[in-house]
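What follows is one structure encoded as structure tokens, with my remarks underneath.
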Amino acid sequence: MRFSSILVGAAFTLLAGASFMATAQTPPSKVQAGGLDPETFLPPAPAWSGASEKLVVPATHKWITPSEKTGLTATPTYDETVAFLKKIDKASALVRVETFATTPQGRKLVDVVVTKDGETLDPAKPVFLIQAGIHSGEIDGKDAGLMLIRDICFNGRDDLIDKVNIVFVPVFNADGHERSTPYSRPNQRGPVSQGWRNTAQNLNLNRDYMKADAPEMIGLLGLIAKYDPSFYIDLHVTDGMDYQYDITYGFDGWDGLYADSPAIGAWLDKTYRPKADAALKAAGHIPGPLIFARDEFDLSKGLDFNAFAPRFSNPYGDLRRLPAVLVENHSLKPYRQRVLGTYVLLEATLKALASDGKSLKVAIASDRALRPKIVDANWQTKAAPIATWDFLTIKSEQVASPASGAMVTRWNGKPGPVVKTPVYGSEPGAKLSIPKAYWIPATKPDVIARLKAHGVAMEAIKKAQTVEVDMIRLGGFKTSAPSEGHVPVVATGLTHETRKETYPPGSVRVSTDQSLGALAAYLLEPESEDSFFAWGFFDEILQRVEYMEPYAIAPMAERMLANDPKLTAEFEKRLKDDEAFAASPLRRLQFFYERSPFYDDRYLLYPVGREVN
Ligand SMILES: [Zn+2]
């Protein structure tokens, strides 16, 4: 889950203190913690049975997964997970376990390549990248993936890789996964102990796709560059209200909305989604769209179906022309049901890639050939609803809460009516214009390195080069509360100026005539909310150095007034229009200093050049 209501956020804040205590000492047992077993306070789960239950192997099976041994109620540790996969690797010719990153706490992050020869990826077949545990308490995908790989290797399901290569990341956030307690996910029905949402550096990997701070993310971007997946699935679990759906998922392009990659979006919407939904329904599951209620206690206020920034996985995929699907299993459904639903969705995806991989390849090629002049950014909520959905509710009643002093909703686990619910969407708050190329000075090695990690092609210059570029100067800026280890900055009052800039050796030219051109613009246009600028990688331009003494400015100002009638007119107009300015000796002198050659010419000048001609 990536978006919580204020109330859910508040609940997390309250429990954060408790979990701190739990990690600082031996974790208290449920009894010590006051009998706070979630089963005693979560809404009851509806009774469930489905055809997917047949996927669980008998207890005597040689390759029963660690979670199946517990009846799909618990999940293995990271070491146990890797050990199980390595055991499969040893016994099966179809699997290879490899390492793609080292976490801040020193764990080796593994991915598992599952192919017909167990070594190489067949370039003729699509690559399916399955990622579990980005939020490691939301770990259904890991245990589903272990079952699926087991069945491919030892239960006669190797047909699933006849036409597809699999790359499986069992736990993306391995450090968080090992910060496991029964108290990490209070709104979630199992497994019994859950990992932590953020990494050991307290970074949320599902905010890190653009700025790419975490070594885990750098590793994943490397994996994407290495295998060029045709389909990327990011497996989560929700928070939030109760409803009937157990497996919810979404992507840019759903109902034709928000896709930067229109052909891919259409393939996901028209080809993939019907197949995925049909498979889930046939196996006894209830698929649904991503659900963000405006007020989880009052459905009539509607649902949000927003476009998200590319700091999140699936919009990032959309921006870089990589088919990407976000899955959010419903947290209030039991772990067993969620793992089995995930298995069904993964299997359905493999089948869709086998049957329709060719048309997907065509869609990817078509989107990668696009060279847009504009990219939509900074999505905002649209005032009017964009659709009405039939929503499958769970029955509820309002009960008095002595704790809150108000009425609260209590769901009873029984299917409720189908409710027609307004759905609100997004519209772009900015349209970024994409130049022919960007020039990034060698003085910004961190920015250059991150662009490289994204796979953006660039050309480094060996000798200094003077180039005429369009450059952006800020009128000002605003900062907000720290987020993800940065202080976000919003650039205001942008103006453009044509300048001759000399770029030192090691500077790079990033042509936007590449499939990642729109991604490069999103990272490099300072107006974009997910730009390196917005994440604070250019804070050095926000400070001015050198100053001029008032006693020196005053006589200089007299000369400037005497010699420049245009400046005089501008000054007089300002005196007339702005009383506070007229009354401030310092601001008046500053006016002249700013217009003199002594003023810092690079103050608020964004140093990335835009090649427009
Ligand atoms: Zn999540």
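Numerical summary
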item: Loop sites in the range 520-588: trypsin sites (Lys or Arg not before Pro), DSSP, at most 16 other Cβ within 10 Å; result: ARG544
item: For the range 264-351: relative contact order, % (alpha-carbon pairs under 8 angstrom, 6 or more apart); result: 31 percent
item: Stretchable slack from ARG371 to THR479, in nm (0.36 nm times residue separation minus alpha-carbon distance); result: 35.6 nm
item: Reachable lysines, given that their alpha-carbon falls under 22 Å from the alpha-carbon of LYS270 and they are not under 8 places away in the same chain; result: LYS125, LYS163, LYS281, LYS351, LYS358, LYS361
item: Relative packing of 531-542, 376-387, 229-240, which averages over residues the other C-beta atoms within 10 Å, highest first; result: 229-240, 531-542, 376-387
item: Total charge dipole magnitude, the range 262-334, about the Cα centre, Cβ charges on Lys, Arg, Asp, Glu only, Debye to nearest 20; result: 340 debye
item: Environment charge at PHE297 (Cβ cut-off 15 Å; Lys +1, Arg +1, Asp -1, Glu -1); result: -2
item: Net charge, PRO66 excluded, C-beta distance under 9 Å - Lys, Arg +1, Asp, Glu -1; result: -2
item: FRET efficiency for VAL192 and ALA582, using Cβ-Cβ distance with R0 set to 56 Å, rounded to 0.05; result: 0.20
item: Cα-based shape type of the range 302-431, given that a ≥ b ≥ c are square roots of the gyration tensor eigenvalues and the cut on a/c is 1.5; result: oblate
item: Whole-number accessible area per residue in Å² for the range 294-439, which is evaluated in the context of all protein chains at 1.4 Å; result: 41 Å²
item: Farthest toward positive dipole pole in the chain [+1 Lys/Arg, -1 Asp/Glu at C-beta], among LEU360, TRP379, VAL608; result: LEU360
item: Model label zone, GLU546; criterion: amide N under 14 Å from point 7 Å along Cα-to-beta-carbon; scope the range 459-479; result: none
item: Dipole of the chain [Lys/Arg +1, Asp/Glu -1 at C-beta], most positive-end residue of PHE598, ASN206, ALA83; result: ALA83
item: Within the chain: Cβ-based charge dipole about Cα centre, in debye rounded to nearest 20 (Lys, Arg +1; Asp, Glu -1); result: 840 debye
item: Rounded to 5, percent antiparallel among DSSP beta bridges of the chain; result: 75 percent
item: Rounded FRET efficiency, nearest 0.05, which uses the C-beta distance separating ASP37 from VAL419 and R0 of 25 Å; result: 0.20
item: Pair GLU98, SER49: separation of 7 Å Cα→Cβ label points (nm); result: 4.5 nm
item: Gain on full stretching of the segment that runs from THR120 to VAL490 - 0.36 nm per residue minus C-alpha separation; result: 128.7 nm
item: Chymotrypsin sites (Phe, Trp or Tyr not before Pro) within the range 261-337, DSSP loop, no more than 11 other Cβ atoms inside 10 Å; result: none
item: Length-normalised contact order for the chain - Cα pairs under 8 Å, 6+ apart - percent; result: 13 percent
item: Rounded tilt (10° steps) of 565-577 against the dominant C-alpha axis of the chain; result: 60 degrees
item: Percent antiparallel among DSSP beta bridges (both partners in the range 125-278, rounded to 5); result: 10 percent
item: Accessible area per residue in Å² at 1.4 Å probe, computed on the range 133-257; result: 21 Å²
item: Listed residue pairs exceeding 20 Å between alpha carbons, taken from LYS395/LYS420; LYS444/LYS478; LYS333/LYS395; result: LYS444/LYS478
item: Distance-filtered residues of the range 377-410 - backbone nitrogen under 14 Å, label point 7 angstrom along LYS301 Cα→Cβ; result: 407-409
item: Degrees, to the nearest 10: 585-594 long Cα axis against longest axis of the chain; result: 80 degrees
item: Carbon + sulfur, % of accessible area of the range 358-486 - ligands and nucleic acids excluded, 1.4 Å; result: 57 percent
item: Förster-model FRET efficiency, 41 Å R0, GLU397 and THR271, C-beta, rounded to 0.05; result: 0.50
item: Accessible area (Å², per residue) of the range 44-101, counting only protein heavy atoms and a probe of 1.4 Å; result: 51 Å²
item: Separation in nanometres of the label points that stand 7 Å from Cα toward Cβ, at ALA460 and ASP162; result: 4.7 nm
item: Rounded to the nearest 20 debye, dipole of the range 43-155 from Cβ charges on Lys, Arg, Asp, Glu; result: 240 debye
item: Counted charge near SER261, where neighbours are those whose Cβ lies closer than 12 Å (Asp, Glu -1; Lys, Arg +1); result: -2
item: Dipole of the range 408-453, positive end: most advanced residue of THR443, ALA453, PRO415 [Cβ charges, Cα centre]; result: PRO415
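The values are calculated or read from the model by the stated rules, or taken from the named source; none is laboratory data. This one's a predicted model, so the numbers in the text were calculated from it and none came from an experiment. Every residue, glycine as well, gets a Cβ built from its backbone with ideal geometry; the counts of neighbours run over all protein chains shown. Keep in mind that these areas ignore ligands, DNA and RNA; they rest on the heavy atoms of the full protein, side chains included. Shrake-Rupley method; radii C 1.70, N 1.55, O 1.52, S 1.80 Å.
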